[in-house]
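Here's the structure, in structure tokens; my notes come after.
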Amino acid sequence: MKKLLTAVVDVRRSGDRSYAGTLDYTRSGANGKALVAAGDKAKALPFTATVDEQGHLSTFTMDMTPIDASLGQMSVTYSEFGTPVRLSPPAPSAAEEAPAAVAAAFSGTRS
């Protein structure tokens, strides 16, 4: 997330605790054929963000459709700041393979 935030090129307040702007995805450290094929479109991806009452980033949504229409929007939500994180793998029945387009985007290949 830190790399995405450093790629922000424009941000404006859009509400009480909400923001909208654009980021230059080529500055995020991402790579791959889809990113190269997107060209300058990858330099102006729209995003929205909200912060909680303490100013912590609580949601971040990025529109990936300028890079590849099949990617849609990617969102992350943060909560429970200061709470220790305990992770465990999901049950095998709760997991499924990523769609080919998503797997390709993360691997730098196209399906």
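The values are calculated or read from the model by the stated rules, or taken from the named source; none is laboratory data. Here the structure is a predicted model, which means the values were calculated and not measured. Cβ: placed from backbone, ideal geometry, glycine included. Neighbour counts: every protein chain shown. Keep in mind that these areas ignore ligands, DNA and RNA; they rest on the heavy atoms of the full protein, side chains included. Shrake-Rupley method; radii C 1.70, N 1.55, O 1.52, S 1.80 Å.
Some points to look at:
- Ordered by 1.4 Å accessible area with all protein chains kept, E96, E80 run largest first as E96, E80.
- Summary value for the stretch 13-83: 26 percent relative contact order, contacts being C-alpha pairs under 8 angstrom separated by 6+ residues.
- In this view, the solvent-accessible surface of M1, computed with a 1.4 Å probe and all protein chains in place, comes to about 70 Å².
- Computed accessible area, K33, all protein chains, 1.4 angstrom probe, square angstrom: 130
- With protein chains left intact and a 1.4 Å probe, residues in the chain average 69 Å² of accessible area per residue.
- Each residue of the chain gets 128 Å³ once the volume of the Cα convex hull is shared out per residue.
- Surface accessible to a 1.4 Å probe, L35 within the full protein complex, Å²: 20
- Residue-averaged 222 nm ellipticity for the chain, from DSSP H runs of 4+ at -39500 (n - 2.57), nearest 500: -4000 deg cm²/dmol
- Point-charge dipole on Cβ atoms (K/R +1, D/E -1) for the stretch 1-62, about Cα centre, debye to 20: 260
- The stretch between V9 and T59, if pulled fully straight at 0.36 nm per residue, gains 16.2 nm over its current Cα-Cα span.
- Per-atom-type breakdown for the chain gives carbon and sulfur 55% of the accessible area (1.4 Å probe, protein chains only).
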